[in-house]
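Have a look at the structure below, then the notes.
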Amino acid sequence: MESARLIAGLARYAGGDIELAEELAQDAVVAALEQWPNDGVPAKPGAWLMTVAKRRAVDLFRRNRDLERKYAEIGRDLTADDDGTADFDRAISDDIDDDLLRLIFTACHPVLPVQARVALTLRLLGGLTTAEIARAYLMPEPTIAQRIVRAKKTLASAHVPFETPDGQARPARLASVLEVIYLIFNEGYSATAGDDWMRPALCHEALRLGRILAELAPDEPEVHGLVALMEIQSSRLAARTGPSGEPVLLLDQDRTRWDQLLIRRGLAALARGESLGGDPGPYLLQAAIAACHARAFRPEETDWTRITELYSILAEVMPSPIVELNRAVAVSMAFGPQAGLDLVDQVAAEPSLRGYHLLPSVRGDLLMKLGRKAEAQAEFQRASELTANARERELSQRRARAAAAEPPAASSPAPSSPAASPPRSTPPSLPPSPPY
């Protein structure tokens, strides 16, 4: 529970050496496992761990004459505060909060590949073991271990300072931090591969990290936007799967199972982000879209016109073919499936969507609405072949069979009203986070 704060505090004493800080923290935990069963758990476990870790640092610096100055500094700290209480109290003060923020920015530094940032963040800030991270991402444990080791070496060789960036560097670095947290959440919300549609533990971990960041950076609108998005999306987790783990799409979900506490927290975070002023960024806009769904007690009460407007703004802020695909779904709900299909066909040729399984899924959905069953069947079958997630594949195959079983329409019907015939699938707000 104290892992991230302990490592953050020790990293400052270790001159920003994250690997050394982690080793010192692990040594302290080993000492606790050896002593606490016999001596009992101390009144302030965090203070005990910090004191032991710093004493290990003193021993290490004592053996290294090049670090004699640091040894003297830590020795003075220990003399002034021998029981570690102040160090632990500082763990909830601005000083350690600053250290924790530095650790977040360091672990998510752009010098690292995105996948390395994700693994290192989960290891240092989430406290997940290498095995847990590997299991969450369905990857071999040695692969994850190598990524973490290489990430630490890269940070050290690049002489990345243990600091919170300011000035012009801060927005770019903050964007990297938000991207990492967002990717962790997305993988939990809609797993890219494996037998389960979701991995809720990753959603919970990303939300925890987002909440911490919102406390440490309270004046950043996009931080609150991301937290709002994750709170609202998380509110649906219980309703997104059926008894056997099968996917339940947004418009088919039992909305009484949506977590109203998370929705209220999300709406509050959205309001806080918007109150800070300025033009909304991509996370605030996505949170506003999610809020439109959260405020609708029934699917037919969804304000699809407003969602269409928000997607249009999002497309200007962050141009993306996937945003356009999302906008096409909202347009189909507000103005009929043919209007949506026309937009889908405009973006279908984008190279970046060539292997994206939700493109044929959405197209098949709209073709079904228009009575073009054979074409819809082919699109659903293609969607099933593109996804690596077993549950997603089963869903697309089931829809393909349903399209094949439908009798052919005598003629293409006029576009149906959104309330009478909503599409059964919507694509993600940004890759790879579907709102359904």
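The values are calculated or read from the model by the stated rules, or taken from the named source; none is laboratory data. All values reported here derive from a predicted model rather than from experimental measurement. Using ideal geometry, Cβ is built from the backbone for each residue, glycine included, and neighbour counts are taken over all protein chains shown.
The condition (being over 27 Å from the mean Cα position of the chain (by Cα), surrounded by fewer than 21 Cβ atoms within 10 Å (Cβ to Cβ) and more than 23 Å from I289 (Cβ to Cβ)) is satisfied by just one residue among A402, A334, A339, A390: A402.
Matching residues to (1) crowded, with 20+ Cβ neighbours inside 10 Å; (2) modelled with pLDDT under 75:
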residue: R12; (1), (2): no, no
residue: A57; (1), (2): yes, no
residue: R62; (1), (2): no, yes
residue: A72; (1), (2): no, yes
residue: R76; (1), (2): no, yes
residue: D82; (1), (2): no, yes
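Yes/no matrix, rows are residues, columns are (1) over 30 Å from E392 (Cα atoms); (2) surrounded by fewer than 17 Cβ atoms within 10 Å (Cβ to Cβ); (3) basic (K, R); (4) in contact (Cβ under 8 Å) with a residue 40 or more places away in the chain:
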| site | (1), (2), (3), (4) |
| --- | --- |
| Q115 | no, yes, no, no |
| T121 | no, no, no, yes |
| D195 | no, yes, no, yes |
| P221 | yes, no, no, yes |
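Among the residues of segment 34-54, what is the count of those that are more than 17 Å from E22 (Cβ to Cβ) and surrounded by 11 or more Cβ atoms within 10 Å (Cβ to Cβ)? Adding up the residues that qualify gives 9. Just one residue in the set V52, V41 is over 27 Å from the mean Cα position of the chain (by Cα) and either assigned to a helix (DSSP H, G or I) or touching a residue at least 24 places away in the same chain (Cβ under 8 Å) (or both); that residue is V52. Determine whether L250 is in contact with a helix residue (DSSP H, G or I) (Cβ under 9 Å, 6 or more places away or on another chain), more than 30 Å from L276 (Cα to Cα) and not hydroxyl-bearing (S, T, Y). So L250 passes the test. Collect the residues in segment 216-258 that are farther than 24 Å from Y283 by Cβ and of a type in the set (S, T, Y), keeping them in residue-number order. T241, S244, T256, listed by residue number.
Among the conditions (1) farther than 20 Å from D219 by Cβ; (2) surrounded by 14 or more Cβ atoms within 10 Å (Cβ to Cβ), the only one that E301 does not satisfy is (2).
The numbered conditions (1) surrounded by fewer than 20 Cβ atoms within 10 Å (Cβ to Cβ); (2) under 23 Å from A271 (Cα atoms) are all true for L226 except (1). Which of the residues spanning segment 127-170 are assigned to a helix (DSSP H, G or I), under 16 Å from E23 (Cβ atoms) and touching a helix residue (DSSP H, G or I) at 6+ places or on another chain (Cβ under 6 Å)? Matches in segment 127-170: T130, A145, I148, A151, K152. For segment 241-261, the criterion of being crowded, with 21+ Cβ neighbours inside 10 Å and in a helix (DSSP H, G or I) is met by no residue. Do you know which residues across segment 269-309 are farther than 19 Å from V323 by Cα and either touching a Gly at 6+ places or on another chain (Cβ under 8 Å) or part of a helix (DSSP H, G or I) (or both)? Listed by number, the residues that qualify are A269, L270, A271, R272, G273, E274, S275, A294, P299, E300, E301. For segment 277-296, check the following and say yes or no: at least one residue is closer than 24 Å to G371 by Cα and under 24 Å from the mean Cα position of the chain (by Cα). Checked segment 277-296: no residue is closer than 24 Å to G371 by Cα and under 24 Å from the mean Cα position of the chain (by Cα). Criterion applied to V331, V344, V362 was being within 22 Å of P247 (Cα to Cα), modelled with pLDDT of 90 or more and of a type in the set (V, I, T), and the one residue passing it is V362.
Filtering segment 262-289 to residues that are in contact with a Phe, Trp or Tyr (Cβ under 8 Å, 6 or more places away or on another chain) and either farther than 14 Å from L178 by Cβ or surrounded by fewer than 17 Cβ atoms within 10 Å (Cβ to Cβ) (or both) leaves only I289. Candidates in segment 135-180 are the residues that are hydroxyl-bearing (S, T, Y) and free of Cβ contacts under 8 Å to residues at least 24 places away in the same chain; of these, the one that is surrounded by the most Cβ atoms within 10 Å (Cβ to Cβ) is T143. Regarding segment 318-327, can at least one residue be identified that is of a type in the set (A, V, I, L, M, F, W, C), surrounded by fewer than 16 Cβ atoms within 10 Å (Cβ to Cβ) and closer than 24 Å to H224 by Cα? Yes, segment 318-327 contains at least one residue that is of a type in the set (A, V, I, L, M, F, W, C), surrounded by fewer than 16 Cβ atoms within 10 Å (Cβ to Cβ) and closer than 24 Å to H224 by Cα. Hey, any hits in segment 26-37 for a residue that's of a type in the set (G, A, S) and not in a helix (DSSP H, G or I)? The answer is no; no qualifying residue exists.
A single member of A201, A206 is of a type in the set (A, V, I, L, M), surrounded by fewer than 20 Cβ atoms within 10 Å (Cβ to Cβ) and in contact (Cβ under 8 Å) with a residue 24 or more places away in the chain, and it is A201.
Screening E132 on (1) among the acidic types (D, E); (2) within 21 Å of Y283 (Cα to Cα); (3) free of Cβ contacts under 8 Å to residues at least 24 places away in the same chain shows it passes everything except condition (2). Of the residues making up segment 212-237, those that are under 24 Å from M318 (Cα atoms) and either in contact with a Pro (Cβ under 7 Å, 6 or more places away or on another chain) or part of a helix (DSSP H, G or I) (or both) number 16.
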